[in-house]
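Asks: My questions will all concern the structure given below.
Readers should treat all values here as calculations from the given coordinates under stated rules, not as data from a laboratory. Because the structure is predicted, anything quoted here is derived from the model rather than measured. We place every Cβ from the backbone using ideal geometry, glycine too, and count neighbours over all the protein chains shown.
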Amino acid sequence: MERISVFDMFKIGVGPSSSHTLGPWRAAQQWIKELQSEISFSRLQSIKVYLYGSLAKTGIGHGTDIAILLGLSGEDPVTIDTQLINNKIQQIKIQNQINIGGIHLLNFRYEEGIIFLKEESLPFHANALRFRAELKNGLLKEAIYYSIGGGFVVKEGETTAASLQPKVPLPYPCDVSDELLMHCLQNNLSISEMVWANEQSWRTISEIKSELLNIWRVMLECLYKGVHTSGILPGGLNVNRRAFDLHKKLIGEAVYSNIEEWVKVIQSKRPVFDEMLKWISCFAFAVNEENADFGRVVTAPTNGAAGVIPTVLMYYICLSGQQVGDKEILKFLCVAGEIGTFFKKGATISAAMGGCQAEIGVSSAMAAAALCECTGGTPQQSLMAAEIAMEHHLGLTCDPIGGLVQIPCIERNSMGAIKAITAAKIAMEGNPTLAKVSLDKVIRTMWETAQDMNHKYKETSEGGLATNVSVSLVEC
């Protein structure tokens, strides 16, 4: 099977969707790079992009068109100034030109350049897109890509995502969680220690530490920005940002000068249970309101579920009453990332393939296992926590209203975080040897459930809430 790093599970990007925004963005970048290696851009006559399946049906709401235009323009989701996205898109539409790869201006009409084939699908995956370049001599250059969830992209004819880490032998390879447990028990390792050893096959210790802490820094900045931004989310649903008002009620008149001081103020609150639940919702809302507003987030393992892991990690840092430093944060992210790999290998992390159980359910399982280990749980208890969290997300549908990652997606992140914390606490008090369901079995069940699920509940906006609430969408 694939050897997947925690850095494959945690990707820095732009919302609102890892499979419908980040993936197509990366696909466009990759295609432009390959095209440039084959021809001079001066030979281009026109470029068209065809969207199939779920990408076509919910592409406008998820910003798929925006992502593709930015990717074709040579912009990168990790570094782009998100405040300039709307202006860049409007400029393309008004001028009827696109700067291919950031180096060649090409005539391009948005209405003709991106084609939504809502009644057509390609067999490999529900999220498919075809890039077509017509040259001045009449020849065509084409390529098909699939956005398979979590920002992973696979080109037609290839079997694995090009973004995966290089294939190297790992000291503790594991394709299923039972193999992870075997390594931990035989070598007297915690899950995070085993993951740390594997990650050193790809990176130095200092690189692992700095890159993981940077991932947390991006999560934290997203949280901070989210609780300090008010207004209405774009797209036409007129959803009010709630994190701002909720945060103001919770923080009171506290004054802080930077993010670190803000965290200390929250830690000093030591809230009672009712307020703790409000803080959890505040954190989750903050991240996913940023995600819905084309803000910078970290796939964890997807953009639509980006709020669960940072919310549970903030709970651990600020509200659990424990002393938490960089060492504990690194441990948390290592465990969470590793648990996500088992779902990627054994099932899916794409809502277009598995419904929302593949996003919120997976993120909740990842967070539950991480919190369990960080609060003293054994490897057996941590796997039990992940299983409990996923078990109670089985069958969760993906039915975003208007194809926007807003309703019910934002609130679902809060619910996923609360379930993760509850699952970790249940596992800490439980005896894993008496558990009736293993993590591997629940992953297998999740995949079987995904295959049985009616297609209209898999990110198509053709069922559930999406058909019972009428909306009028507006373009970015």
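Asks: Using each residue's phi in the stretch 79-93, evaluate 6.51 cos²θ - 1.76 cosθ + 1.60 at θ = phi - 60° and report the 3J(HN,Hα) Karplus result to the nearest Hz, with x for Gly and Pro.
Replies: 10, 4, 6, 5, 5, 9, 4, 4, 5, 5, 5, 4, 5, 4, 5
Asks: Using θ = phi - 60° and the Karplus relation 6.51 cos²θ - 1.76 cosθ + 1.60, list the HN-Hα couplings for the stretch 377-390 in order, rounded to whole Hz, with x at every Gly or Pro.
Replies: With the stated coefficients, the stretch 377-390 comes to x, 7, x, 4, 5, 5, 5, 5, 4, 4, 5, 4, 4, 6 Hz.
Asks: For the residue pair residue 229 and residue 327, what label-to-label distance in nm results when each label sits 7 Å from Cα along the Cα-to-beta-carbon direction?
Replies: Taking the two extended label points, one gets 3.6 nm.
Asks: What is the sum of charges around residue 13, taking Lys and Arg as +1, Asp and Glu as -1, for the other residues whose C-beta is under 9 Å from the C-beta of residue 13?
Replies: Result for the local shell: +3.
Asks: Mind ranking 316-322, 429-435, 122-128 by how tightly packed they are, going by the mean number of other C-beta atoms within 10 angstrom, highest first?
Replies: 122-128, 316-322, 429-435
Asks: Using amide H atoms built in the peptide plane, which far-off residues or other-chain residues are under 5 Å from residue 97 H to H?
Replies: 108
Asks: Using the Cα centre of the chain as origin and beta-carbon charges of +1 (Lys, Arg) and -1 (Asp, Glu), tell me which of 250, 393, 353 is placed farthest towards the positive end of the dipole.
Replies: 250
Asks: What is the sum of charges around residue 56, taking Lys and Arg as +1, Asp and Glu as -1, for the other residues whose C-beta is under 10 Å from the C-beta of residue 56?
Replies: 0
Asks: With an 8 Å Cα cut-off and a minimum separation of 6 or more residues, compute the relative contact order for the stretch 53-152 in percent.
Replies: 28
Asks: Compute the relative contact order of the chain as a whole-number percentage, counting only Cα pairs closer than 8 Å that sit 6 or more residues apart in sequence.
Replies: With pairs under 8 Å counted, the relative contact order is 19 percent.
Asks: Next question, about the same structure. Helix 273-292 against the longest principal axis of the chain: what's the angle in degrees, Cα atoms only, rounded to the nearest 10?
Replies: Between the helix axis and the principal axis of the chain, the angle is about 20 degrees.
Asks: So, one more: For each pair in 249/425; 48/93; 11/209; 48/155; 48/141; 248/278, compute the distance between the two Cα atoms and list the pairs where it is over 19 Å.
Replies: Table pairs above 19 Å Cα-Cα are 249/425.
Asks: Still on this structure, please answer the following. For the stretch 177-468, with only Lys/Arg (+1) and Asp/Glu (-1) charged at the beta-carbon, what is the dipole magnitude about the Cα centre, in debye rounded to 20?
Replies: 340
Asks: A further question on this structure: Cut-off 20 Å, label point 7 angstrom out along Cα-to-Cβ of residue 238: give me the residues of the stretch 451-472 whose amide nitrogen falls inside.
Replies: Within reach of a label on residue 238: 466-472.
Asks: Between beta-carbons, use under 15 Å as the cut-off and find the net charge around residue 390, counting Lys and Arg +1, Asp and Glu -1.
Replies: Result for the neighbourhood of residue 390: +1.
Asks: Relative to the present Cα-Cα distance, how much length would full extension add between residue 2 and residue 188 at 0.36 nm per residue of separation?
Replies: In short, 64.4 nm is gained.
Asks: Can you tell me the FRET efficiency between residue 105 and residue 431 if r is taken as the Cβ-Cβ distance and R0 is 56 Å, rounded to the nearest 0.05? Show your work: numbers first, answer last.
Replies: Details: r = 66 Å, r/R0 = 1.18.
The value I calculate is 0.25.
Asks: Which distance in nm do the two modelled labels at residue 136 and residue 213 give, with both placed 7 Å along the Cα-to-Cβ direction?
Replies: Result: 5.3 nm between the two label points.
Asks: For residue 124 and residue 265 in one chain, what is 0.36 nm times their gap in residues minus the Cα-Cα distance, to one decimal in nm?
Replies: Once the chain is fully extended between residue 124 and residue 265, it gains 45.8 nm.
Asks: In nanometres, what is the gap between the two model label sites at residue 90 and residue 249, each 7 Å from Cα along Cα-to-Cβ?
Replies: Output for this residue pair reads 3.4 nm.
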